Every structure is written in C-alpha cells, then in structure tokens.
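Each remark here refers to the structure printed beneath this line.
The values are calculated or read from the model by the stated rules, or taken from the named source; none is laboratory data. Keep in mind that what you see is a predicted model, and the values were worked out from it rather than measured. Neighbour counts are summed over all protein chains in view; Cβ atoms, including those assigned to glycine, are modelled from backbone coordinates with ideal geometry. Surface areas here come from the heavy atoms of the whole protein model, side chains and all, with no ligands, DNA or RNA. Shrake-Rupley method; radii C 1.70, N 1.55, O 1.52, S 1.80 Å.
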Amino acid sequence: MRKGDRPPKAPPGRRQETEHRRQQAGSRIFFAALLAAVVCIHTSDSFAQSKVRIEDAYVRTAAQLMTSAAYFKIVNNSAFADTLYDVEAPFAEMSHLHETYTENSMSGMRSVARIIIAAHSDFELKPGSYHVMLMNVKKELKAGEKVQFKLYFKRSGVIRVKAVVQK
C-alpha cells in the first residue's frame, strides 16, 4: 500500500456488525453506570435511615376532639446531624412539633419548625420540653391502645412510629 492509499474497506455486512457491537458496548457501559448510581443512592438512603431510630414512644390519653401529646426518644447513630421537620398523625386533625418554654417567669408552648438531632446523639421529646402536639383527636385515646404516626426527617426520610397510649 502506498502513502495516501486507504485501507481496504470491510464488506458492507461486516461494517454494520462492527458498528452494532460498538453501540451495544456503549449501551452496556451506560446502563452499568446508571445501575451503579441507583444502587449507591438506595444504599446511602437505607443506611442513613437505619442509623436513626425511635425509642420509648407513647401518647397521652385524651377524649375525642381534645388535645394530646406524643413523646419519644430519637437516637441518631449516624455520622451526620438529621432534622425532624414534620409529623403526620392520622388519629388527630392537626399535629405539630412544639416546645414548652419559660420567659420572664411565664411558661407557655409554641410551635417549632424543626428539631435538629446532632450526629451520634439522642434527643428526647418529653413532658415540659419538646413534644408532638396532637390537636382534636378523632376518637378517644384509651390507655393500652396503640396508635401510629409518621416522622419526617431531612436525611432519614419517613420513619413510622408505633406508640402506646398511656396516662
């Protein structure tokens, strides 16, 4: 072959086969990368969720259409802080994060937008402090019954809680 001559062309069927293999290889690489990304995201979300747990959850007894409160301990064993920003309780018309406070010798309660739980720490919602305010409960909450509600965390997502009703 002299300088400037082109190499001989592959037969038409052979060219199409080579192009087809190149496209398949590209598709395989793309889908492998996509699968790896999905697995990493799912694993990190599941890992974060398994590191935050709720312990000792209970709800106070209350007559129908009255107010109650939920208390529990949040245990954050992850290396990152997490934020509790919402609660959903289907057995109450409204549910909010609240805190009890004292200012100028006066005590009161107020709604809070979020509760931050530091990495490797616990945060307890308890009487006279932070709690979940449950307003206008839809039915009487009797001692010994069990209720469920959802907590919404920034990193851990939704955590479903089962709580016992007690006085």
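What is the one condition in (1) part of a strand (DSSP E or B); (2) hydrophobic (A, V, I, L, M, F, W, C); (3) open to solvent by 30 Å² or more (accessible area, probe 1.4 Å); (4) in contact with a Lys or Arg (Cβ under 7 Å, 6 or more places away or on another chain) that F80 does not satisfy? That leaves (1) as the condition not met. Selection of first residues in the stretch 72-83 that are closer than 11 Å to I115 by Cβ and of second residues that are in a loop (DSSP other than H, G, I, E, B) and open to solvent by less than 20 Å² (accessible area, probe 1.4 Å), restricted to Cβ pairs under 6 Å at least 6 apart or on distinct chains, gives the following pairs, ordered by first then second residue: D82/S156.
Which number in (1) loosely packed, with under 12 Cβ neighbours inside 10 Å; (2) in contact (Cβ under 8 Å) with a residue 24 or more places away in the chain; (3) assigned to a strand (DSSP E or B) marks the one condition that S107 misses? With respect to (1) loosely packed, with under 12 Cβ neighbours inside 10 Å; (2) in contact (Cβ under 8 Å) with a residue 24 or more places away in the chain; (3) assigned to a strand (DSSP E or B), S107 is out only on (2).
Consider V164 carefully, then state whether it is part of a strand (DSSP E or B), free of Cβ contacts under 8 Å to residues at least 12 places away in the same chain and hydrophobic (A, V, I, L, M, F, W, C). In short, no.
If you go through the stretch 155-166 and keep only what is open to solvent by less than 60 Å² (accessible area, probe 1.4 Å) and within 13 Å of the chain's Cα centre (by Cα), you end up with S156, G157, V158, I159, V161.
Restricting K167, K126 to residues that are within 16 Å of R60 (Cβ to Cβ), at pLDDT below 95 and out of contact with any His (no Cβ under 6 Å at 6 or more places or on another chain) narrows the list to K167. Just so you know, in the stretch 118-154 the residues that are of a type in the set (D, E) and in a strand (DSSP E or B) include one that is surrounded by the most Cβ atoms within 10 Å (Cβ to Cβ), and it is E124.
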